[in-house]
Amino acid sequence: MSSALQGSIIIPVLNEAATIAEQLRRLREQLGTRWELIVVDGGSSDATAARASPHCDHLVQGPAGRSRQMNAGAAVAAGQVLVFLHADTRLPADFEQQMQTFLNAEKGWGRFDVQLDDNHPMLRIIGGMMNLRSRLTGIATGDQTFFVRREFFKELQGFRDIPLMEDVDFSRRACRLQRPFCSRSRVITSARKWQRNGIFRTMALMWWIRLAYFVGVSPATLHRWYYPSR
């Protein structure tokens, strides 16, 4: 990587006003100006955009939907490495070293191990199982933070315009070309959905959604099941 711009962090957001400024300040403190910060707002009804704007390099008003937002961010990114980071996820302390190792490995894409920010024993097990499953299958989820070379992302034509499972779909298509670079460094992601909906209920729903997807249920139907109130 050059000593100037080393890559682009793309953060899709929707109604993250409570935490987005802190997230961006943390990233700037960690990475300085070596990585550009791109926030893609999908039509927030709160102050997300206003609070993000002073702390990022680009604020994109994108169409709603995580896949559309991530593609919109990639379209304006200047970096040769694109990192797709959830608004409630923190990068590992050795992020930049991991990116250098990734580039040295001459891989096109990869992901981190993940840890939920709750010390409940079951959530520790769930995080470990997510990492093991991903390492064995090559399939990753957005919580694990994808990083992709620009040319590889273009070859795959980005994320497909589907309302759910865009991460699994991307992984499956990417794996047809090559296995991912699996970093053992951990991103720390929020356990709020597990805390809000219950650990076992959330786990059952996720497995049901994943099974339904693999047997051919449409992403639009899965989205209605996963977000019944939307």
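Nothing in this text is a laboratory measurement; each read-out follows from the coordinates by a stated rule. Everything quoted here is computed from the prediction, not taken from an experiment. Reconstructed Cβ throughout: ideal geometry from the backbone, glycine too, with neighbour counts over all protein chains shown.
For the reader, a short list of remarks on this structure follows.
- Within the shell defined by Cβ-Cβ distances under 13 Å, the residues around residue 190 carry a net charge of -2, with Lys and Arg each +1 and Asp and Glu each -1.
- Ascending count of other beta-carbon atoms within 10 Å, so fewest first, for 206, 129, 165: 129, 206, 165
- Environment charge at residue 134 (Cβ cut-off 12 Å; Lys +1, Arg +1, Asp -1, Glu -1): +2
- Taking a span of 20 Å or more along the helix axis (Cα atoms) and a mean Kyte-Doolittle hydropathy of at least 0.0 as the rule, the DSSP H helices of the chain that qualify are 121-137, 199-214.
- Prolate/oblate/rounded call for the stretch 72-117, Cα gyration tensor, a/c under 1.5 rounded: oblate
- Total formal charge among the other residues, if their Cβ is under 11 angstrom from that of residue 180, Lys/Arg +1 and Asp/Glu -1: +4
- Fully extended contour minus Cα-Cα distance, from residue 178 to residue 34, at 0.36 nm per residue: 49.1 nm
- Extending 7 Å from Cα along the Cβ direction at residue 225 and again at residue 101 yields two label points whose distance is 3.7 nm.
- Normalised contact order of the stretch 1-131, rounded percent, pairs of Cα under 8 Å and 6 or more residues apart: 28
- Cβ crowding within 10 Å, taken as a proxy for footprinting-reagent exposure, orders 154, 107, 193 from fewest neighbours to most as 154, 193, 107.
- What the Cβ-Cβ distance of residue 205 and residue 152 gives, at R0 = 35 Å and to the nearest 0.05, is a FRET efficiency of 0.65.
- Dipole orientation for the stretch 118-225: of the candidates 213, 162, 125, 125 has the Cα lying most toward the positive pole (charges on Cβ; Lys, Arg +1; Asp, Glu -1).
- In the elastic network of the chain, a GNM with C-alpha springs shorter than 10 Å, the most mobile of 52, 17, 212 is 212.
- Relative contact order (%) - the chain, alpha-carbon pairs under 8 angstrom, separation at least six: 20
- Residue 217 paired with residue 80, simple spin-label distance in nm, labels 7 Å along Cα-to-beta-carbon: 4.3
- Sites residue 133 and residue 188 - FRET efficiency at Förster radius 22 Å, r taken between beta-carbons, to 0.05: 0.70
- Built from the Cα atoms of the stretch 7-191, the convex hull projects on average onto 9.7 nm², one quarter of its surface area.
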